[in-house]
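This report refers to the structure that appears directly beneath it.
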2 protein chains.
Amino acid sequence: MASLVIIEDDLRVRTALTKALEQRGHVVMQADTAMGGLQLVLAHKPDVIVLDLGLPDLDGVELLRMLRPVSDAVVIVATARVSEEEIVRTLDAGADDYVTKPFSPDQLDARIRASLRRLGGVAGERTRDVVVGALRINARSRDVSLGDQKLELSRKEFDLLHYLARHEGQVISKKVLLAEVWHQPFFTTDKTVDVHVSWLRRKLGETADRPRYIHSVRGVGIKLLAPVDV
Amino acid sequence: MASLVIIEDDLRVRTALTKALEQRGHVVMQADTAMGGLQLVLAHKPDVIVLDLGLPDLDGVELLRMLRPVSDAVVIVATARVSEEEIVRTLDAGADDYVTKPFSPDQLDARIRASLRRLGGVAGERTRDVVVGALRINARSRDVSLGDQKLELSRKEFDLLHYLARHEGQVISKKVLLAEVWHQPFFTTDKTVDVHVSWLRRKLGETADRPRYIHSVRGVGIKLLAPVDV
DNA sequence: CGGGGTCTTAACGGTGGCTTAACGAGACAT
DNA sequence: ATGTCTCGTTAAGCCACCGTTAAGACCCCG
């Protein structure tokens, strides 16, 4: 059982989904526009958002970007668009799952339950603030400060740092990073991680041969640590 | 009773398996993609993973390689592929068991229970911290300290020491070490082990003729012990 | 439709780690 | 005593991995 918001402009699809999901024990709220959906989400803080792309007033990806900072909900994108590129862009924008129409209510329900279970043990993980040494990461506003200095990080840089910080001290393999941060372990290479790490280190004011926060463990992965020195 | 993750893209197979295994008292989580499966595993650290090959987003063997360093779960591969070569490749990549479809839920359950028995209730082998004498090994951060001194170990050195430490007091043959630490019992030679042991001893501050932690047992293998002297 | 920002990929240099080879020393059997 | 086998250690070469810069593609904004 979960509370969810469906944002979908096609009336027939919307009511059919609503009915099917209610039958399965969920509490369902509906919106037929992006703005209406946003209001519902803000007002009710649902567990799950089922989002159609191709809304009349706003691109779904746009809405995703607006949603992400204000909601911790699992976002499942349901759409007819099937291009590989589109899927990547959408997942990259923060969607948790992607279903292509047509799909059965059963499948959607399964994905909803899977998503919830996924978050079950670690609720709020995505919006958790983390402090490591002088490094302070605010997940909702997505800003980072080192000591009293604000850092300007790009999206991937932030996500990467945030993930490492949430697993402080643990060595994380690049494969896992690609899966967890990039959501795409297959068509991207480990090199991508290296480059972002390099940029992060520069912004953190450290170098690879004198690491303070970001430590490479050769052949294994990366870990983030509070610096031992002052 | 065990907690398990099923990674299988065919909805019908997946739900059937889930239902059957839940009836037998297991806690089952489902994923239909490699990515989703990885997330589930990371979040919930299940005891067993049932893995279908031929997933849509990533080859099962690839996923296995990603899974192995982050999870101690028993991996049971369930697939329609039957080629001898495929089986070898899969087991070699870290799978614990291999079932070919079609199979009955009873058979799968039996294998799950067998695997768990094999594991002997020793949870978290691969990510377990170990202390032997003054030697402290942190598996997740891959740090090793001897007394109050940090040791800088390479990957193989760490893996070797960690394995020996997890089997403190047991004599381990080089063949077993090559299989368990090197994952390649055939194309590497025992000599390789000798060399790594030698390096380890140097870093541990001991020599072969005055061993403190690492003891060779001629013709049999290696064992690690807490030193008897001060 | 340009211009800034961001991400990915390619290229290159450097080096660290792994394996193999070689040599020596004991241990064990004959 | 002698040859064989195992083990310890060092040195050498090769390969994989890492760090970094630059270039190109893409997106996003006015």
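The values are calculated or read from the model by the stated rules, or taken from the named source; none is laboratory data. Everything numeric in this text was worked out from a predicted model, so none of it was measured. Here the Cβ is made from the backbone with ideal geometry for all residues, glycine too, and neighbour counts use every protein chain on show.
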Check: When segment A:169-184 is examined, which residues are found to be more than 9 Å from chain B (Cβ to nearest Cβ) and in a loop (DSSP other than H, G, I, E, B)?
Finding: A:Val181, A:Trp182
Check: List the pairs whose first member sits in segment B:137-163 and is more than 12 Å from A:Val217 (Cβ to Cβ), whose second member is among the basic types (Lys, Arg) and within 12 Å of DNA strand C (Cβ to nearest atom), and whose Cβ atoms are under 6 Å apart, counting only residues at least 6 apart or on separate chains?
Finding: B:Leu151/B:Lys203
Check: Can you tell which of B:Leu63, B:Leu11 is at the interface with another protein chain (Cβ under 10 Å from one of its Cβ atoms) and either touching a Lys or Arg at 6+ places or on another chain (Cβ under 8 Å) or surrounded by fewer than 20 Cβ atoms within 10 Å (Cβ to Cβ) (or both)?
Finding: B:Leu11
Margin query: Among the residues that make up segment A:179-197, is at least one of them at pLDDT below 95 and under 21 Å from B:Ala139 (Cβ atoms)?
Written below: yes
Item checked: Residues (modelled with pLDDT under 90, of a type in the set (A, V, I, L, M, F, W, C) and touching a helix residue (DSSP H, G or I) at 6+ places or on another chain (Cβ under 6 Å)) located in segment B:36-56 -> B:Leu38, B:Leu40, B:Ala43, B:Leu53, B:Leu55
Next item on the list: Look through B:Asp59, B:Asp97 and report the one residue that is touching a helix residue (DSSP H, G or I) at 6+ places or on another chain (Cβ under 6 Å) and acidic (Asp, Glu).
Entry: B:Asp97
Checklist line | Those residues of segment A:25-35 which are outside any strand (DSSP E or B), surrounded by 17 or more Cβ atoms within 10 Å (Cβ to Cβ) and over 22 Å from the mean Cα position of the chain (by Cα), in sequence order | finding: A:His26, A:Asp32
Margin query: Only one of B:Val70, B:Val75 is of a type outside the set (Ser, Thr, Tyr) and within 13 Å of chain A (Cβ to nearest Cβ). Can you tell me which?
Written below: B:Val70
Next item on the list: Starting from segment B:183-205, keep only residues that are more than 19 Å from B:Asp92 (Cα to Cα), then list their pairs with residues that are charged (D, E, K, R) and within 11 Å of DNA strand C (Cβ to nearest atom) whose Cβ atoms are within a distance under 7 Å, requiring at least 6 positions of separation or different chains.
Entry: B:His196/B:Lys156; B:His196/B:Glu157; B:Trp199/B:Glu157; B:Leu200/B:Glu157
Notebook entry, point to check: Residues of segment A:125-141 being under 16 Å from A:Arg68 (Cα atoms) and in contact with a Lys or Arg (Cβ under 8 Å, 6 or more places away or on another chain), which ones?
Noted result: A:Glu125, A:Thr127, A:Arg128, A:Asp129, A:Ala139
Check: Does any residue of segment A:208-216 turn out to be over 22 Å from A:Gly147 (Cβ atoms) and not acidic (Asp, Glu)?
Finding: yes
Note to self: Among the residues of segment A:216-225, are any more than 11 Å from DNA strand C (Cβ to nearest atom), touching a residue at least 60 places away in the same chain (Cβ under 8 Å), part of a strand (DSSP E or B) and under 21 Å from the mean Cα position of the chain (by Cα)?
What the structure shows: yes
Note to self: I'd like to know if segment B:181-201 contains one or more residues that are within 16 Å of DNA strand C (Cβ to nearest atom) and in contact with a Pro (Cβ under 9 Å, 6 or more places away or on another chain).
What the structure shows: yes
